[in-house]
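The values are calculated or read from the model by the stated rules, or taken from the named source; none is laboratory data. Just so we're clear, the structure is a prediction, and the values are computed from it rather than from any experiment. Backbone-built Cβ (ideal geometry, glycine too); neighbour counts: all protein chains shown.
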Amino acid sequence: MAKFNAEVIIEGKKNARDPEGETIMRDLMIKHGYDMVSSVRSGKILKITLEAKNEKEAEDICWNMVNELRIYNPVAHVCTIKMVK
Amino acid sequence: MPMRVIVVQFSGSTCDRDLVYAMKDVMGWEVDLVWYKEAQKHLESYDAIFLPGGFTYGDHLRAGIIAAYTPVMDKVKELAKEGFPVFGICNGFQILVESGLLTGALIGNDTLRFSCKWTNLRVETTRSAATNVAKKGDIWKVPIAHGEGRYFLDEKGLKELNENDQVVWRYVSDDGKITAEGNPNGSIENIAGICNLEGNVVGLMPHPERASESILSPWGSDHGKLYFQSLENYFRRG
């Protein structure tokens, strides 16, 4: 067994407004000169360390876990999992 | 015989005692406030189950998700499927959504702030266990107190919800219209509360228990009482 690191990224669906992202873009970035920015979406990230036989198994465990325990709400969120070194 | 109901208390429930007061002292019901670990043994001996407001488990990850995974909720789900009346107020509504008993999601308010204020609720259907003594179109003054109350559902889900008459209340302006001003949290289609297909599971973000006596309201109204009277009526009709 080896240790693996995964990043679980939970974001709101595109058709759900993200007032936090909108505020960051409008009132911080654009107001302070970064007017090249056209979109900001906020989200939540869970950095997970787990043991598995290999990276594929670690990723599968993460997907099973986030679905079984509703770590994201599929009605409102999209979830991506990245395996990281 | 007075109604006999159970209020399930979780770690972080904070509106449990207000709810007990409204149902016991205002309505004259027999009410037991029971710790969630104990509650699962006795649920079916009551007429209805209440999940109160609060911040269970600190709202960690998402409001209601941790409580939704407690063993008592497995039992609540079982009973709800058999037609047992189950009511969730505020955090209780969030728990019902996270446990899959009600559809949709309750996400952060579009104001990005916790919001505590009076709202106007328009009764959209009288078939739910919590609105059957009201008239469609009635406007209730009931306060909200939440940070994650923005109801969200995709287009297909909304269509079904509307077609199946599952939207129970919408936030409206003082003149009863569905407007952005009347919507305190950005809920899609101004939805404040919904029920399941059968109408026995009802979730509502505002707090009827805080509007159940005229002394609690700036207008001298007690519209929250209609919520509890509806349940009484639902139960008597069988």
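Only one of the numbered conditions (1) under 14 Å from the mean Cα position of the chain (by Cα); (2) within 26 Å of B:Ile215 (Cα to Cα) is not met by B:Gly28, and that is (1). Count of the stretch B:29-71 residues, restricted to those that are crowded, with 20+ Cβ neighbours inside 10 Å and among the acidic types (Asp, Glu), is 0.
Looking only at the stretch A:42-62, count every residue that is free of Cβ contacts under 8 Å to residues at least 40 places away in the same chain, surrounded by 14 or more Cβ atoms within 10 Å (Cβ to Cβ) and not hydroxyl-bearing (Ser, Thr, Tyr) and tell me the total. Spell out the reasoning first.
First, pick out the residues of the stretch A:42-62 that are free of Cβ contacts under 8 Å to residues at least 40 places away in the same chain: A:42-46, A:56-57, A:60-61.
Imposing the further condition that a residue be surrounded by 14 or more Cβ atoms within 10 Å (Cβ to Cβ) reduces the set to A:42-44, A:46, A:57, A:61.
Among the residues that remain, those that are also not hydroxyl-bearing (Ser, Thr, Tyr) are: A:43-44, A:46, A:57, A:61.
Total meeting the criteria: 5.
Would you be able to tell me the number of residues in the stretch B:127-158 that are within 14 Å of chain A (Cβ to nearest Cβ) and farther than 26 Å from B:Phe84 by Cβ?
Step one: of the stretch B:127-158, the residues within 14 Å of chain A (Cβ to nearest Cβ) are B:147-158.
Filter again for farther than 26 Å from B:Phe84 by Cβ, leaving B:147-148, B:150, B:152, B:154-156, B:158.
Residues flagged as within 14 Å of chain A (Cβ to nearest Cβ) and farther than 26 Å from B:Phe84 by Cβ within the stretch B:127-158 amount to 8.
Within the stretch A:1-23, how many residues are more than 10 Å from chain B (Cβ to nearest Cβ), among the small types (Gly, Ala, Ser) and within 30 Å of B:Glu155 (Cβ to Cβ)?
Within the stretch A:1-23, the first condition is being more than 10 Å from chain B (Cβ to nearest Cβ), and the residues that meet it are A:1-9, A:11, A:14, A:21.
Those left that are additionally among the small types (Gly, Ala, Ser): A:2, A:6, A:21.
In the following step, the residues that additionally are within 30 Å of B:Glu155 (Cβ to Cβ) were identified as A:21.
Of the residues in that region, 1 qualify.
Considering only residues in the stretch A:9-50 that are among the β-branched types (Val, Ile, Thr) and in contact with a Lys or Arg (Cβ under 8 Å, 6 or more places away or on another chain), the one that is farthest from B:Glu189 (Cα to Cα) turns out to be A:Thr49. Can you say whether B:Glu232 is touching a Phe, Trp or Tyr at 6+ places or on another chain (Cβ under 9 Å), outside any loop (DSSP other than H, G, I, E, B), at pLDDT below 95 and away from every other protein chain (no Cβ under 14 Å), as far as the supplied structure shows? Criteria met by B:Glu232. Only one of the numbered conditions (1) among the β-branched types (Val, Ile, Thr); (2) in contact (Cβ under 8 Å) with a residue 40 or more places away in the chain; (3) more than 19 Å from B:Ser99 (Cβ to Cβ) is not met by B:Thr56, and that is (3). Of all the numbered requirements in (1) within 21 Å of A:Thr80 (Cα to Cα); (2) within 13 Å of chain B (Cβ to nearest Cβ); (3) of a type in the set (Lys, Arg), A:Arg26 misses one, and that requirement is (1).
Here B:Ser99 does not fit the description of being of a type outside the set (Asp, Glu), under 28 Å from B:Leu61 (Cβ atoms), within 14 Å of chain A (Cβ to nearest Cβ) and out of contact with any Lys or Arg (no Cβ under 9 Å at 6 or more places or on another chain).
The C-beta contact set for the stretch B:73-98 (first residue basic (Lys, Arg), second residue surrounded by fewer than 21 Cβ atoms within 10 Å (Cβ to Cβ) and assigned to a helix (DSSP H, G or I), distance under 9 angstrom, 6+ apart or interchain) comprises B:Lys75/B:Leu43; B:Lys75/B:Glu44.
Would you say A:Ile71 is within 30 Å of B:Gly147 (Cβ to Cβ), part of a strand (DSSP E or B) and of a type in the set (A, V, I, L, M)?
The answer is no for A:Ile71.
Name the residue, out of A:Met83, A:Met65, A:Met29, that is within 19 Å of B:Ile66 (Cα to Cα), surrounded by 13 or more Cβ atoms within 10 Å (Cβ to Cβ) and at pLDDT 95 or above.
Details: A:Met83 fails: within 19 Å of B:Ile66 (Cα to Cα); A:Met29 fails: within 19 Å of B:Ile66 (Cα to Cα).
Answer to the selection: A:Met65.
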